[in-house]
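The values are calculated or read from the model by the stated rules, or taken from the named source; none is laboratory data. All of these numbers come straight from a predicted model, not from anything done at the bench. So basically every Cβ, Gly included, is an ideal-geometry build from the backbone, and we count neighbours across all protein chains shown. Accessible surface areas use protein heavy atoms only, side chains included; no ligands, DNA or RNA. Shrake-Rupley method; radii C 1.70, N 1.55, O 1.52, S 1.80 Å.
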Amino acid sequence: MTRYNPECIFCKITAGLIPATVLYRNDVVVAFRDITPVAPTHVLIIPVEHIRSLSELTEADSEIAAQILLAARIVADITGVLESGYRVVFNNGADALQSVGHIHAHLIGGRPMGWPPFAGHEVRH
Ligand code: 5GP
Ligand code: ZN
């Protein structure tokens, strides 16, 4: 059975109830532009199914986990950052400032980035 949370904004995006600029989609994942981009390329890759966070992924979700990473590579190609470089980030839980409780990978690229993300650089939503 498909996991769906009618209160979740990302479930609403997968269902087409909230508009989004979708760059890639298959039966398992959807990739769309972040509404508040932090770089020229900032795309969110989410599973169609509602899973709250990385911490809740199980062995049964192996296909979903793989599809998120494969979609990241496809989105990097579509957005032209495959060669220049990009970052794939899962914010998970409070300390990491996860603000939407539907697992998502941020794909960020199109400009040079710093590393590591030192304390004090983060912006609380
Ligand atoms: P988090 O902080 O949970 O790692 O990332 C959530 C991301 O979702 C943020 O970067 C935020 O800009 C993005 N976001 C929140 N609401 C929407 C929305 O309705 N549409 C889109 N496209 N992005 C959203
Ligand atoms: Zn959801």
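Does the range 64-86 contain at least one residue that is within 14 Å of ligand 2 (Cβ to nearest atom), within 27 Å of ARG111 (Cβ to Cβ) and open to solvent by 70 Å² or more (accessible area, probe 1.4 Å)?
Scanning the range 64-86, I find no residue that is within 14 Å of ligand 2 (Cβ to nearest atom), within 27 Å of ARG111 (Cβ to Cβ) and open to solvent by 70 Å² or more (accessible area, probe 1.4 Å), so the answer is no.
Could you check the range 9-29 and list, in sequence order, the residues that are more than 9 Å from ligand 1 (Cβ to nearest atom) and either more than 21 Å from GLN67 (Cα to Cα) or touching a Lys or Arg at 6+ places or on another chain (Cβ under 8 Å) (or both)?
Filtering the range 9-29 for residues more than 9 Å from ligand 1 (Cβ to nearest atom) gives 11, 14-17, 22-29.
The answer is LEU17, LEU23.
Test TYR4 against the stated conditions and say whether it is modelled with pLDDT of 95 or more, away from ligand 1 (no atom under 15 Å from the Cβ) and outside any helix (DSSP H, G or I).
yes
Just the residues that are assigned to a loop (DSSP other than H, G, I, E, B), closer than 21 Å to ALA72 by Cβ and either open to solvent by less than 60 Å² (accessible area, probe 1.4 Å) or small (Gly, Ala, Ser) (or both), please, taken from the range 9-38.
ALA20, ASN26, VAL28, ASP34
Return the pairs, sorted by first residue and then second, in which the second residue is surrounded by 15 or more Cβ atoms within 10 Å (Cβ to Cβ), the first residue lies in the range 86-101 and is among the basic types (Lys, Arg), the beta carbons are less than 7 Å apart, and the residues are 6+ apart or on different chains.
The qualifying pairs are ARG87/ILE108; ARG87/GLY109.
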